[in-house]
Amino acid sequence: MSDVRVAITRLPHGADLPLPAYATADAAGLDLLAAIDAPVILQPLGRALVPSGISIALPAGYEAQVRPRSGLALKQGVTVLNAPGTIDADYRGEVGVILINLSDQPVTLQRGDRIAQLLLAKVERLAWDEVAELPATMRGSGGFGSTGIAAKR
């Protein structure tokens, strides 16, 4: 693995929190923390935009993905609503995490709680090649679930 240098700024409301960090040597994502001044209560099916207290400047050709933390999802039913959330290389605002409580109990978030993971991903640009007809495949234009149906035949 190689390191990609990313500029980061701590915002005033996150100045006392640690920077996002990898929990283990082989972790794929860095933990994002809740930069909230007071506890946030997520009611069942409630959602909130939780600030992280940081802004980043990704290099061109990369995106950052905001993904759920598996422990938070399993133990408390809280996940990232738009998973994975995408942070584009030209975005300079605060990294925010849209959380939703899918459990049947309220969940309280505290300042500094680990709320999501941030992963770096290389991005390839798509260039359209408009054609009159697409090449044929065994699946064809079969929609959702069509490969499972075909496998049973």
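The values are calculated or read from the model by the stated rules, or taken from the named source; none is laboratory data. Here the structure is a predicted model, which is why all the values come from computation and not from measurement. FYI the Cβ positions are ideal-geometry reconstructions off the backbone, even for glycines, and counts take in every protein chain you see.
Structure summary
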| quantity | calculated |
| --- | --- |
| Some residue of region 40-52 being touching a Ser or Thr at 6+ places or on another chain (Cβ under 8 Å) and of a type in the set (Gly, Ala, Ser) | no |
| Per-region count, region 83-125, residues over 17 Å from the mean Cα position of the chain (by Cα) and among the β-branched types (Val, Ile, Thr) | 2 |
| Pair list, Cβ < 6 Å and 6+ apart or interchain, from region 22-50 residues that are of a type in the set (S, T, N, Q) to residues that are outside any strand (DSSP E or B) and at pLDDT 95 or above | Gln43/Pro106 |
| Answer residue from region 64-84, given it is in contact with a Lys or Arg (Cβ under 8 Å, 6 or more places away or on another chain) and touching a residue at least 24 places away in the same chain (Cβ under 8 Å) and is surrounded by the most Cβ atoms within 10 Å (Cβ to Cβ) among those | Val80 |
| Selection within region 52-74 - under 25 Å from Val107 (Cβ atoms) and either of a type outside the set (Lys, Arg) or more than 12 Å from the chain's Cα centre (by Cα) (or both) | Ser52, Gly53, Ile54, Ala64, Gln65, Val66, Pro68, Ser70, Gly71, Leu72, Ala73, Leu74 |
